[in-house]
Amino acid sequence: MSNVLAIPEVGKSISSVNQYIAVVNRFPRLDTEEERTLALRLHRENDLEAAKKLILANLRFVVPIARGYLGYGLPLADLIQEGNIGLMKAVKRFDPSVGVRLISFAVHWIRAEIHEFILRNWRIVKVATTKAQRKLFFNLRKAKKRLNWLSQNEAEALASDLGVKVETVREMEKRMNGSDMAFDPAVGEEAEADHHLAPAHYLSGEVENDPAYQLERNEWSRLEHAQLSRALAGLDERSRDILRSRWLEEKKMTLHQLAEKYGVSAERIRQLEKSALKKLKKAMSEVA
């Protein structure tokens with residue numbers, strides 16, 4: 001959302017939050033009778049001019065409410081805009097016959113709109129999806145007095161107040177304390193140690209049809225095959241035959257069959273096989 005705030009009465013956008021606050025504070029307040037008269041005109045005659053006057057007179061009250069949500073790391077201008085949307089919805093639903101001031105009625109709608117905005121934008125991965133989770137989310141933020149985890153007593157008290165299970169409180173706490181991570185962050189002095197944990201290193205993409213990927217895979221396979229051939233050629237004939245018979249042939253020979261073929265013990269064949277595999281491993285590591 002843009003950080004630019006617009007006021008219909010001014011006729012132009014305001015780029016500074018301080019300028020916006022100064023402007024909305026200049027709109028005259030309405031006394032009880034003026035507010036009631038305007039609300040009746042809107043309610044009975046659908047008078048849009050009356051609605052505009054009600055909104056403009058109450059914009060000043062949205063600012064302190066929005067400021068109360070700055071701890072979520074979202075721009076104040078965006079919070080104010082969302083609160084203004086809530087105010088507009090409240091004006092539309094306001095019934096002057098109830099006998100309360102508009103702002104008292106509108107506070108619920110202003111907060112509800114800001115809450116929705118925070119839940120949509122606070123994290124890439126949504127921490128709350130149900131109505132109960134949303135209620136818990138905001139109460140948990142308010143209840144946590146320290147930066148560390150809630151104690152068991154605190155968690156139980158909060159669960160009791162909200163009518164949820166302690167496990168639900170703990171689950172929401174884990175979601176809120178989990179940090180976001182860029183898909184492929186730049187490596188810096190502080191982040192270098194955890195760079196390999198970035199999702200780009202373990203989330204696979206659909207690269208199988210990428211020509212560059214296929215070329216790299218084919219080239220790598222060719223290099224490995226060539227290195228394996230050179231490594232096998234570097235072995236003596238007996239060791240090469242043992243590996244071929246034990247690992248490369250379709251019908252593999254046992255240690256005892258090879259022992260009988262070369263007139264040695266099965267243990268000696270195993271030792272020769274182990275030594276040959278060690279040499280192959282060392283040779284193949286040079287291509288990595």
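Every read-out reported here was derived from the displayed coordinates using simple, explicitly stated rules and does not represent laboratory data. What you see is a predicted model, and the numbers here were worked out from it, not measured in a lab.
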Can you list residues from other chains, or at least 5 along the same chain, whose modelled amide H is less than 5 Å from the amide H of Val164? none
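In whole angstrom, how long is each semi-axis of the equivalent ellipsoid of the stretch 212-285, when you take the square root of 5 times every eigenvalue of its Cα gyration tensor and sort them from largest down?
Result for the stretch 212-285: semi-axes of 29, 13, 9 Å.
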What list of ³J(HN,Hα) couplings, whole Hz, do you get for the stretch 73-89 from phi and the Karplus terms 6.51, -1.76, 1.60, once you set θ to phi - 60° and write x for glycine and proline? x, 9, x, 4, 4, 5, 5, 5, 4, 5, x, 5, 4, x, 4, 4, 5
Near the amide H of Asp47, under 5 Å away, which other amide H atoms are found, from residues 5 or more places off or on another chain, if H is placed in the peptide plane? Leu42
